[in-house]
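The values are calculated or read from the model by the stated rules, or taken from the named source; none is laboratory data. Since we're looking at a predicted model, the values are computed, not measured. In this analysis, Cβ positions are derived from the backbone assuming ideal geometry, glycine residues included, and neighbour counts consider all displayed protein chains. SASA here: full protein model, heavy atoms, side chains in, ligands and nucleic acids out. Shrake-Rupley method; radii C 1.70, N 1.55, O 1.52, S 1.80 Å.
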Amino acid sequence: MRKPFGLKILDGVTLLAFAVAVALVFFYAPLEAQMGAVQKVFYFHVAAGWTGMLGFVVAAVTSALYLITRNPRWDGFSVSGVEIGLVFMLINIVSGSIWAYPTWNTWWTWDVRLTTATIMELIYLAYGLLRQGVDDPERRRRFAAVYALLGFVSVPITFVSIRLFNSIHPVVIGAGGEMPTMAFTPAMQVAFFGSLIAFSFIFVDLFWHRLLLANWAERVDALKARFEDVEGGMK
Amino acid sequence: MNRGRAFGRAVFALVWKDLLAELRSLEVISAMLVFALTVILVFNFALELTPRLRAELSSGVLWVSLAFSGTLGLNRSLGQEKDRGCLDGLLLAPVDRLAIFFGKALANWLFMLLCLVILLPVLSVLYDPRLLQAGVWGVALLGSLGYVVVGTLLASMAVQARTRDVLLPILLFPVLLPALVASVKASSGFLLGLPGNEISPWLIVLIVYDLIFLALALFVFDTILEE
């Protein structure tokens with residue numbers, strides 16, 4: 001029940017990667033000409049969005065794997081993916097709001113991207129409530145997997161929403177056509193990818209931690225069940 | 001061929017059973033209707049609608065009241081199977097699990113359409129006379145189909161949970177939102193008399209939504225009813 005050595009190393013690497021990314025964003029990347037300092041939010045905003053989406057993708061894939069193999073391990077992967085995804089999507093939405101206030105002159109607007117991202121967040125919150133509401137562990141795993149698959153439809157919708165509909169949200173990945181896009185200097189690109197890499201490390205690190213937690217929770221449950229059996233046997 | 005016939009007969013038997021039970025008790029439809037009408041009234045006062053605004057908001061009011069009252073019907077329809085142990089009986093019956101899903105979904109769709117048949121004329125009197133046109137009925141048909149497919153699927157999970165009545169709307173509405181938005185946009189497009197090429201994208205969204213969730217339901221429904 002000790003923390004694996006690999007994870008300790010990963011903790012260190014992640015911390016280092018994050019420090020480097022922060023340094024790149026604040027000291028290496030130049031100030032954006034129009035938006036000024038607030039543009040720096042963008043590096044963390046996109047990276048958090050990427051990590052959140054990654055969590056939901058992992059959850060959908062492992063949910064499908066659970067339904068096929070019925071191995072409880074995949075359920076642990078699924079919860080971990082959803083929980084990390086939820087946290088990072090929240091960071092993504094809040095940081096976007098902070099950027100939007102000086103840029104769009106409002107904290108919030110019902111733009112398609114903002115709306116679809118919020119719906120996605122709500123779906124995965126509902127996933128958590130569904131898990132809480134079902135007592136039988138086997139059934140909980142099954143239902144959660146089904147809902148994770150249904151809810152996953154929201155993820156590609158959120159990703160492509162700004163490309164399909166008229167949106168004021170800038171397109172970052174790929175060509176945006178007539179949509180608002182972002183122009184990068186090479187130094188900005190370095191900071192951008194540095195931040196993406198650092199957040200990917202954070203994702204893997206948190207994921208590993210969360211999986212360990214899931215395993216330990218399962219052990220505790222098993223021990224409790226055994227304890228109750230022994231207690232019941234003594235009466 | 002034979003399996004197809006057996007499947008069809010099982011679905012029909014289930015729908016018939018639900019219709020007969022509903023005919024005798026009128027539990028589901030009456031609850032849905034009364035609730036939908038209440039929601040419509042609440043909207044009228046909460047939003048302090050002037051006649052012009054009322055006409056503009058009518059498609060939104062229609063779909064929100066329908067979506068809210070629909071959860072009552074879904075909870076009831078799947079809940080009564082669970083409560084009286086009928087679900088176990090259904091599962092013991094030598095029919096395909098998917099036939100159970102289609103039977104329940106079809107019955108729920110019928111209930112919803114019956115509700116609409118009463119609700120739309122009422123709403124057209126109270127809100128906007130233009131609501132009674134073929135386009136709006138078409139949207140209602142497509143939108144309610146998506147609603148019952150997702151709704152039946154999620155309700156059959158929700159009724160097996162400890163927090164059943166609370167759970168269904170929470171699970172359902174976020175997943176339902178694309179269909180809801182598309183239905184509101186499409187029907188208000190018809191109300192405002194927009195040209196076809198401005199309405200058709202929303203109709204396509206609705207059809208794609210219906211197809212995606214029908215396909216997903218085919219894949220996952222088995223696993224929901226497993227015991």
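Between A:144, A:48, A:23, the Gaussian network model of chain A with springs among Cα atoms under 10 angstrom shows the greatest mean-square fluctuation at A:23. Note on the stretch A:71-116: Rg/Rh from C-alpha atoms, Kirkwood Rh, equals 1.23. Summed over all non-identical Cα pairs, the Kirkwood treatment of the stretch A:35-96 gives a radius of 12.3 Å.
Based on the alpha-carbon gyration tensor of the protein assembly as shown and its eigenvalue square roots a ≥ b ≥ c, which shape applies: rounded if a/c is under 1.5, prolate if not and a/b is larger than b/c, or oblate? Don't skip to the end; give the middle numbers.
Details: a/c = 2.32, a/b = 1.21, b/c = 1.93.
The shape class here is oblate.
Between the helical axis of B:27-46 and the longest alpha-carbon principal axis of chain B there is an angle of about 30 degrees.
Taking every protein chain into account, the accessible area of chain A amounts to 52 square angstrom per residue (probe 1.4 Å). In this structure residue A:219 has an accessible area near 140 Å², from a 1.4 Å probe over the protein heavy atoms. From the helices alone, meaning DSSP H stretches of at least four residues, give me the mean residue ellipticity at 222 nm for chain B, per-run term -39500 (n - 2.57), in deg cm²/dmol to the nearest 500. Dividing the helical sum by the residues of chain B leaves -30500 deg cm²/dmol.
Using only protein heavy atoms and a 1.4 Å probe, how much accessible area in total is buried between B and A, to the nearest 100 Å²? All intermediate terms of the calculation are to be shown ahead of the outcome.
On the way: alone 11470 and 13340 Å², together 22750 Å².
Using a 1.4 Å probe on protein heavy atoms, the buried area is about 2100 Å².
Ligands, DNA and RNA aside, residue B:71 has an accessible area near 20 Å² when probed at 1.4 Å. Applying D = kT/(6 pi eta Rh) to chain A, where Rh is the Kirkwood radius over alpha-carbon pairs, T corresponds to 25 °C and eta to 0.890 mPa s, the Stokes-Einstein value obtained is 125 µm²/s.
Give me the net charge for the shell around residue B:61: Cβ to Cβ below 13 angstrom, other residues only, Lys and Arg +1, Asp and Glu -1. Here the count lands on -1. Rolling a 1.4 Å probe over the protein heavy atoms of the stretch B:145-216, with every protein chain left in place, gives an accessible area that is 76 percent carbon and sulfur.
Our coupling estimate for the stretch A:16-21, obtained by passing each phi through the Karplus curve with A = 6.51, B = -1.76, C = 1.60 and θ = phi - 60°, is 5, 4, 5, 4, 4, 4 Hz, Gly and Pro reported as x.
What's the Kirkwood radius of the stretch B:1-128 in Å, using all Cα pairs?
Roughly 16.2 Å, rounded to one decimal.
Grouping the Cα pair distances of the stretch B:166-227 into 10 Å bins from zero gives a pair-distance distribution of 20, 38, 27, 12, 3, 0 percent in increasing distance order.
Taking the C-alpha atoms only, the angle from helix A:41-69 to the longest principal axis of chain A is near 30 degrees.
Spacing of the modelled spin labels on residue B:84 and residue A:110, each 7 Å from Cα toward Cβ, amounts to 4.2 nm.
If you take all C-alpha pairs in the stretch B:64-143, what percent of them are over 14 Å apart?
Working: 2211 of 3160 pairs.
Of all Cα-Cα distances in the stretch B:64-143, 70 percent exceed 14 Å.
Placing dummy labels 7 Å off each Cα toward the beta-carbon, the span from residue B:226 to residue B:197 is 5.0 nm.
Centre-to-centre separation between the Cα atoms of the stretch B:31-54 and those of the stretch A:199-216: 48 Å. Please compute, over every Cα-Cα pair in the stretch A:1-130, the percentage with a separation greater than 20 angstrom. The answer is 58 percent, as a whole percent. Scaling against 2.2 N^0.38 Å puts the C-alpha radius of gyration of the stretch B:114-221 at 1.18. As a length-normalised measure over Cα pairs under 8 Å and 6 or more apart, the relative contact order of chain B settles at 25 percent.
At a probe radius of 1.4 angstrom, the accessible area of the stretch B:2-225 per residue rounds to 45 square angstrom.
Return the FRET efficiency for the residue pair residue B:166, residue B:2: r is the Cβ-Cβ distance, R0 is 51 Å, and the value is rounded to the nearest 0.05. Show your work: numbers first, answer last.
Numbers: r = 44 Å, r/R0 = 0.85.
So, using R0 = 51 Å, E works out to roughly 0.70.
Once the mean of 1/r is taken over each pair of separate Cα atoms and inverted, the stretch B:2-225 shows a Kirkwood hydrodynamic radius of 18.1 Å.
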